[in-house]
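Visitor: Structure below; questions to follow.
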Amino acid sequence: MLRAVDGVSVSIRKGETLGLVGESGCGKSTLGQITARLLEPTGGGLFYKGEDIAGSGSRNQQDLRRRIQYVFQDPFTSLNPRFKIGRLLEEPLKLNRLGKAAERWSKVSDMLESIGLDESYRNRYAHELSGGQRQRIGIARALMLNPEFLVLDEPVSALDVSVQAQVLNLLKDLQQELSLTYLFISHDLNVVHYMSDRVAVMYLGKIVEIGEMEEVYAHPLHPYTQALVSSIPAERAAQKRERIVLQGDLPDPSAIPSGCAFRTRCMHAHDRCFSETPTLADVREGHAVSCHLWSEESYSVNEIKEVRTASL
Amino acid sequence: MVGNQVERQKILDIRNLRIELKGRRERLAVVDGVSLSVSQGETLGIVGESGCGKSVLSLSMLGLLPKAMEINGGEIWYGEREDEAQPLHLLKPKELRKIRGREVAMVFQDPMSSLNNSLTIGYQVTEGLRLHLGYSRQEAAAQAIELFRKVGLARPEKLLKEYPHQLSGGMRQRVMIAIAIACNPGLLIADEPTTALDVTIQAQILEVMRQIRDQDGTSIVLISHDLGLIAEMCDRIAVMYAGRIVEEGSVADIFDRPRHPYTIGLLNSIPSPSHKGHRLHSIPGAVPALHERSVGCNFAPRCQYAMECCRIEQPKLSPVGFGHTTSCFLVVEEGVRKGDNRNTADRAEGTGEVLYETSVAAEGTGAASR
Ligand SMILES: Nc1ncnc2c1ncn2[C@@H]1O[C@H](COP(=O)(O)OP(=O)(O)OP(=O)(O)O)[C@@H](O)[C@H]1O
Ligand SMILES: Nc1ncnc2c1ncn2[C@@H]1O[C@H](COP(=O)(O)OP(=O)(O)OP(=O)(O)O)[C@@H](O)[C@H]1O
Ligand code: SF4
Ligand code: SF4
Ligand SMILES: [Mg+2]
Ligand SMILES: [Mg+2]
């Protein structure tokens, strides 16, 4: 059996953006879909405003579906190819019996405009759009119902930086106006940094580091996070990146290595990493990491500093 | 370096290509008079606003245009040697099938729309090897596993038996890359090949692309919104706006001496750590829809420098430096004046507004002569 997400505990505060980054295939989309109730977890609880919403027994399913929206990573698979864009956007309003026809019409117009597409797109089909246009329709559709909580799975990966800026500004504005909460999944670390208050880093189904965005960005602790942060392009796009290149094989998620799952690629792997699985523990206020380098027994504080400078 | 490039064989030569939507009363051009060429072993980057026609342009090179579109004017020539060049725009579907995947391969922007959900990954990767290279089933499977390792896919043996919907977004993308490079194509067209990959795996994919370029002499057309990636990989960059090329040049030309107002606006929108807490810059307005495109410069409705002539006449691509062309009345007018190397950004500074920082020009130039 493959555990796409294994023993993850996260909490997201109202009105905040939690960034979620991590290796391709590590389970980000799976976690996002569980959060948005599109997948059932095989174990564990899921609490929204203090109420356990995991399992189908919970009340107000329909209402929850409306308040928690998911923006798919692959818009192509989530947009019905037989419906025109106008209908796709209006549909959620209709299903929830919101507004009169004229109101729905103008809401669709406003939404199209705010994502940089004009009225003529109403009459197009999803396959008649470019990659980035489709992606924006996916976001617009999720926003139609005024959700409280939005899971955004790679929402701007197909957008040029100018349209991306427009969409990110829109998301920020909406968040401020309506105090929306976002789970923001992306591989673009500059975008995650811009959007997020806190960030969680996943590796092979587990969260290996979590903390305030600025803190993690400035002081990445987990060797995987350090590799990620080292490859962020600097101020100028044309500048060369000094990457920490990870060596070693990617492990098979259905046969996760003993001890620390990252040890096959970690330059600091030591004996303990083979035998003992590290757990997520606070190293500083609001900054937790799951790595033996940071547990007190194995290194003194000075040594930790050295390891960190050596690896950066 | 540049001298060499001029002499190297053009493997792809697109001349004045026009692609239109079919069956409309008005002729709506999705791609409007694009000329581009790629030499052997060269990497050409294409960047531009979402919806400007990059994917349509690349699909046309493989004869895979959507049904609603057709080529109406212009030529696409492909060939590793000049005397063997083939007119891709004239070939029949059967002839194109022989070239596709074998000589010209493509990584599609949308993996789910090009991978077949009812066939195993193994079948889809080995198909080309068996069809084009005559591999046996076992040989092809062994080669597929090798390819999966190359693109950083874990558990390659098991993947062969899985279906596309069982993979994560980034895994599908890497399967597509494996399929594209399977038969050592002469030209690889990669449309947003790394959007779903984390930076560490992205680095690995770039390494694979460099390898096939340097060892096998494969030419690459790389389409991406990731300007850092473009800067890192490409020899030359073409900037597209609303179906036309508006600027073309070396990495240093585009990043350090951008001339077209759209290019400058684009570079200004890159989010960087210092933007945190501020609103991001974006070019005001939106791309004109196909039916709104005018006889003049397509950027005019959004351009702060737009003049009378911009709305009446279409600016032509004209040289503003060695190997650097742009289509803008403003720039061309100034650029041809001898000894004037100020660029649009500098002039904007005069108006009290910095358009784009060009302070690290020397370093950028070094990168371009790599
Ligand atoms: N329907 C499915 N059936 C079986 N396995 C699946 C299915 N969907 C996903 N998986 C597996 O679960 C793991 C996690 O996938 P997930 O899509 O959550 O990754 P991700 O972190 O979103 O990756 P990416 O960044 O590439 O999108 C992967 O190993 C994938 O192969
Ligand atoms: N099948 C189709 N029928 C009609 N119009 C289409 C079709 N496919 C694409 N278009 C339109 O053609 C234009 C160019 O699309 P294309 O996919 O080439 O854009 P792109 O530059 O690749 O954008 P992106 O960066 O968002 O992927 C877009 O305006 C799009 O809406
Ligand atoms: S626990 Fe060991 S192997 Fe795992 S990240 Fe830390 S040092 Fe590396
Ligand atoms: S031609 Fe005119 S409208 Fe077009 S980019 Fe140049 S100045 Fe602006
Ligand atoms: Mg995903
Ligand atoms: Mg595209």
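The values are calculated or read from the model by the stated rules, or taken from the named source; none is laboratory data. Remember, it's a predicted structure, so these values are computed and weren't measured experimentally. When we count neighbours, we look across all protein chains shown, and the Cβ atoms used for this are built from the backbone with ideal geometry, even at glycine. Note: accessible area is taken over every heavy atom of the protein model, side chains too, but ligands, DNA and RNA are not part of it. Shrake-Rupley method; radii C 1.70, N 1.55, O 1.52, S 1.80 Å.
Visitor: Does B:Ile283 qualify as being within 9 Å of another protein chain (Cβ to nearest Cβ), open to solvent by less than 20 Å² (accessible area, probe 1.4 Å) and assigned to a loop (DSSP other than H, G, I, E, B)?
Guide: Yes, satisfied.
Visitor: Could you tell me whether any residue of the stretch B:239-262 is away from chain A (no Cβ under 14 Å), within 15 Å of ligand 2 (Cβ to nearest atom) and among the β-branched types (Val, Ile, Thr)?
Guide: Yes, some residue in the stretch B:239-262 is away from chain A (no Cβ under 14 Å), within 15 Å of ligand 2 (Cβ to nearest atom) and among the β-branched types (Val, Ile, Thr).
Visitor: Considering only residues that are assigned to a helix (DSSP H, G or I), within 14 Å of chain B (Cβ to nearest Cβ) and either over 20 Å from B:Glu49 (Cα atoms) or open to solvent by 40 Å² or more (accessible area, probe 1.4 Å) (or both), which ones fall in the stretch A:73-108?
Guide: A:Phe76, A:Thr77, A:Ser78, A:Ile85
Visitor: Tell me, which strands (runs of 3 or more DSSP E) wholly within the stretch B:7-124 include 3 or more residues that are under 30 Å from B:Pro261 (Cβ atoms) and more than 13 Å from chain A (Cβ to nearest Cβ)?
Guide: B:10-21, B:29-39
Visitor: Quick one: is B:Ser114 open to solvent by less than 60 Å² (accessible area, probe 1.4 Å), touching a residue at least 40 places away in the same chain (Cβ under 8 Å) and either in the same structural domain as B:Glu70 (by TED's automatic domain parsing) or under 21 Å from the mean Cα position of the chain (by Cα) (or both)?
Guide: Yes: the conditions hold for B:Ser114.
Visitor: I've got another one for you. Of all the helices (runs of 4 or more DSSP H) wholly in the stretch A:153-232, which have at least 3 residues that are within 17 Å of B:Asp198 (Cβ to Cβ) and of a type in the set (A, V, I, L, M, F, W, C)?
Guide: In the stretch A:153-232, the matching helices (runs of 4 or more DSSP H) lie at A:189-195, A:223-230.
Visitor: Continuing with the same structure: What strands (runs of 3 or more DSSP E) completely inside the stretch B:142-251 contain at least 2 residues that are over 23 Å from A:His187 (Cβ atoms)?
Guide: The strands (runs of 3 or more DSSP E) meeting that bar are B:236-241, B:244-250.
Visitor: Right, here's the next one. Can you tell me which residue in the stretch B:64-84 is farthest from ligand 4 (Cβ to nearest atom), limited to those that are open to solvent by less than 40 Å² (accessible area, probe 1.4 Å) and under 19 Å from B:Ile11 (Cβ atoms)?
Guide: Among residues in the stretch B:64-84 that are open to solvent by less than 40 Å² (accessible area, probe 1.4 Å) and under 19 Å from B:Ile11 (Cβ atoms), the one farthest from ligand 4 (Cβ to nearest atom) is B:Gly79.
Visitor: Then there is this: Does the stretch A:33-48 contain at least one residue that is within 14 Å of chain B (Cβ to nearest Cβ), in contact with a strand residue (DSSP E or B) (Cβ under 6 Å, 6 or more places away or on another chain), open to solvent by less than 40 Å² (accessible area, probe 1.4 Å) and not in a loop (DSSP other than H, G, I, E, B)?
Guide: Looking through the stretch A:33-48, none of the residues is within 14 Å of chain B (Cβ to nearest Cβ), in contact with a strand residue (DSSP E or B) (Cβ under 6 Å, 6 or more places away or on another chain), open to solvent by less than 40 Å² (accessible area, probe 1.4 Å) and not in a loop (DSSP other than H, G, I, E, B).
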